[in-house]
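The values are calculated or read from the model by the stated rules, or taken from the named source; none is laboratory data. If you're wondering where the values come from, they're calculated on a predicted model, not measured in any experiment. Here Cβ is always computed from backbone atoms with ideal geometry, including for glycine, and neighbour counts include all displayed protein chains. Calculation scope for accessible area: heavy atoms of the full protein, side chains included, ligands and nucleic acids excluded. Shrake-Rupley method; radii C 1.70, N 1.55, O 1.52, S 1.80 Å.
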Amino acid sequence: MSAFHAERLPAGLARRIALAAQGFADPRPAGSVGARQLRRLTERLAVVQIDSVNVLSRSHYLPAFSRLGHYPRPALDDLTARRHAIFEYWAHEASFLPVRLHPFLRWRMTAAEEHAWGNMVRLQRERPHYVADVLERVRSDGPLKASDLAEPRPERPGTMWNWHAGKVALEWLFFTGAITATHRTTGFERVYDLTERVLPAAVLQIPTPDPADAVRELVRTAARALGVATERDLRDYFRLRPAATRAAVAELADAGELLPVEVAGWGAPAWLDPGARRPRWIRARALLSPFDSLVWERPRVERIFGFRYRLEIYTPAAKRVHGYYVLPFLLGDRLVARADLKADRQAGVLRVQAVHGEEGVDRPLVSAALADELRLMADWLELDDVTIAERGDLAADLARRTGSVRTDVGA
């Protein structure tokens with residue numbers, strides 16, 4: 001970075017730039033939200049992480065709700081299952097991505113033996129004829145699920161999530177790009193088909209870029225989605241390797257497509273997208289999925305917001321500090337609280353199992369805004385009520401904010 005003059009950015013401005021890049025500087029649409037807005041948001045974020053946990057909602061539905069408010073979830077499904085404007089692949093983790101990025105991830109598909117997990121690689125090496133037979137079955141029989149190839153599960157639990165050989169073969173073929181997901185079932189199982197029968201021909205006909213060119217485009221895309229970022233932030237967005245990322249950053253900086261900056265308090269060199277917005281204020285209000293691209297890299301969250309965030313799903317219940325499925329609450333340009341949420345679909349209730357405010361926040365203001373957001377979320381999830389358990393230092397305040405939110409002692 002020594003060859004470049006680095007602009008100095010106040011921490012607050014860097015935070016607002018990051019929020020704007022992630023779509024939080026725009027007001028939520030006043031009217032109905034449909035495919036056009038969802039497609040534009042997916043293009044802006046580039047990566048929407050998928051996760052199977054469904055205690056509140058499937059995680060990939062939440063980023064659009066956080067930014068756009070109430071929208072029909074089938075409209076997002078339609079972009080993947082019918083329009084195929086979005087495809088599924090391994091990016092940050094399992095993710096939905098705009099189809100324009102497919103050519104730029106083919107190098108990862110081609111180099112699957114370097115990037116895929118051990119069981120997938122081992123099955124391909126040890127049983128190549130079996131993998132070829134699975135591909136032929138997809139070719140001849142059409143879309144199928146792993147359960148269509150069910151075999152006895154491995155005797156050792158925890159082996160590749162206890163996948164059977166058919167599932168492992170399908171995942172290898174998925175990683176290499178030979179097949180892709182047509183959609184997910186209601187039980188969240190992938191349905192696979194040949195890639196050429198799923199993705200638009202116009203996308204598949206694009207020549208495969210050189211790996212260095214592809215990584216450069218992924219870094220460029222990450223920079224637009226992050227606004228301002230360290231090299232590690234840029235690398236993490238698509239889980240790129242350090243050397244390739246450093247080379248791409250240097251080339252983009254030489255071309256003026258990344259600008260060097262020093263952000264007060266960050267303690268690391270950073271890069272600014274030249275097209276990034278620099279808002280004077282942010283008036284956002286949003287509950288964020290633990291897998292939202294604004295908060296998925298925990299060191300970045302702590303650096304930008306001073307908010308220490310850990311996912312406690314795999315922590316024993318007695319040792320959890322804030323709860324099982326905890327969503328940070330964004331108000332303005334700050335993360336001001338966190339709520340452990342559960343959608344009790346049988347009872348028709350959105351349960352706030354614990355709610356904690358950050359130190360120094362205006363509790364009445366935060367509680368009133370959070371109550372409004374919880375009501376909006378309950379309506380979106382088609383739940384009739386919101387209940388507040390008496391856990392956390394904001395619980396009593398939140399329960400008093402509105403008559404539509406009632407205290408639930410036994411939750």
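Just how large is the dipole of the chain about the Cα centre, in debye to the nearest 20, putting +1 at every Lys and Arg Cβ and -1 at every Asp and Glu Cβ?
The calculated dipole for the chain is roughly 500 debye.
For the range 204-343, give the percent of accessible area contributed by carbon and sulfur heavy atoms, probe 1.4 Å, rounded to a whole number.
Carbon with sulfur: 51 percent of the solvent-accessible area.
Once phi is turned into ³J(HN,Hα) by the Karplus curve 6.51 cos²θ - 1.76 cosθ + 1.60 with θ = phi - 60°, what whole-Hz value does each residue of the range 200-210 show in order, with x for glycine and proline?
Listing the rounded values in order: x, 4, 4, 6, 5, 7, 5, x, 6, x, 4 Hz.
Can you pull out the GluC sites (Glu not before Pro) in the range 212-301 that DSSP calls coil and that have at most 14 other Cβ atoms within 10 Å?
Taking the range 212-301 and a limit of 14 other Cβ atoms within 10 Å, no loop GluC sites (Glu not before Pro) are found.
Filter the chymotrypsin sites (Phe, Trp or Tyr not before Pro) in the range 286-376 to those in DSSP coil with at most 11 other Cβ atoms within 10 Å of their Cβ, and list the result.
Counting only loop positions with at most 11 other Cβ atoms within 10 Å, the chymotrypsin sites (Phe, Trp or Tyr not before Pro) in the range 286-376 are Y314.
If the reach is capped at under 26 angstrom between alpha carbons, list the lysines near K342, excluding any in the same chain fewer than eight residues apart.
Straight-distance partners of K342: K319.
Assuming a viscosity of 0.692 mPa s and a temperature of 37 °C, what translational diffusion coefficient in µm² per second does Stokes-Einstein assign to the range 1-141, Rh being the Kirkwood radius over Cα pairs?
For the chosen part, D equals 179 µm²/s.
Taking a probe of 1.4 Å, how large is the accessible area per residue of the chain, in Å²?
On a per-residue basis, the chain sits at 44 Å².
Identify all aspartates and glutamates with a Cα-Cα distance to K145 below 20 Å; exclude those on the same chain that are fewer than 8 residues away in sequence.
Within reach: D51, D77, D78, E88, D133, E136, E171, E189, D193, E196.
Which loop-located GluC sites (Glu not before Pro) does the range 306-401 contain, where loop means any DSSP state but H, G, I, E or B and the Cβ has at most 10 other Cβ atoms within 10 Å?
Those that pass, being in a loop and sparsely packed, are E359, E382.
Viscosity 1.567 mPa s, temperature 4 °C: what is the translational diffusion coefficient of the range 292-343 from Stokes-Einstein with a Kirkwood Rh over Cα pairs, rounded to a whole number of µm²/s?
Stokes-Einstein gives a translational diffusion coefficient of 111 µm²/s.
Using θ = phi - 60° and the Karplus relation 6.51 cos²θ - 1.76 cosθ + 1.60, list the HN-Hα couplings for the range 84-90 in order, rounded to whole Hz, with x at every Gly or Pro.
Result, ordered by residue: 6, 7, 10, 10, 9, 6, 7 Hz.
Going out from 0 in 10 Å bins, what whole percent of all Cα-Cα distances in the range 281-367 drops into each bin?
Going from the shortest bin to the longest, the percentages are 16, 48, 30, 5, 0.
If you count the DSSP beta bridges with both ends in the chain, what percent of them are antiparallel, to the nearest 5?
Roughly 80 percent of the beta bridges in the chain run antiparallel, per DSSP.
What translational diffusion coefficient, in µm²/s and rounded to a whole number, does the Stokes-Einstein relation yield for the range 309-411 at 4 °C and a viscosity of 1.567 mPa s, taking the hydrodynamic radius as the Kirkwood radius over Cα pairs?
So the translational diffusion coefficient is about 95 µm²/s.
Given the -39500 (n - 2.57) contribution per DSSP H run of 4+ residues, what per-residue ellipticity at 222 nm results for the chain, rounded to the nearest 500 deg cm²/dmol?
Calculated at 222 nm, the ellipticity per residue is -11000 deg cm²/dmol.
Tell me, what does the Kirkwood hydrodynamic radius of the chain come to in angstroms if you use every pair of distinct C-alpha atoms?
One decimal place: 22.8 Å for the Kirkwood radius.
Note down the magnitude of the dipole of the range 185-259 about its Cα centre, charges +1 on Lys and Arg C-beta and -1 on Asp and Glu C-beta and zero elsewhere, to the nearest 20 debye.
In debye, rounded to 20, the range 185-259 gives about 200.
Amide H neighbours of H183 under 5 Å, at least 5 residues apart or on other chains, H built in the peptide plane: list them.
Close amide H contacts, sequence-distant or interchain: V191.
Quick one: what are the phi-derived ³J(HN,Hα) couplings along the range 177-185, Karplus 6.51/-1.76/1.60 with θ = phi - 60°, whole Hz, x for glycine and proline?
Working through the residues one at a time gives x, 5, 10, 9, 8, 7, 5, 10, 6 Hz.
Distances over 18 Å make up what percent of all Cα-Cα pairs in the range 352-401?
26 percent
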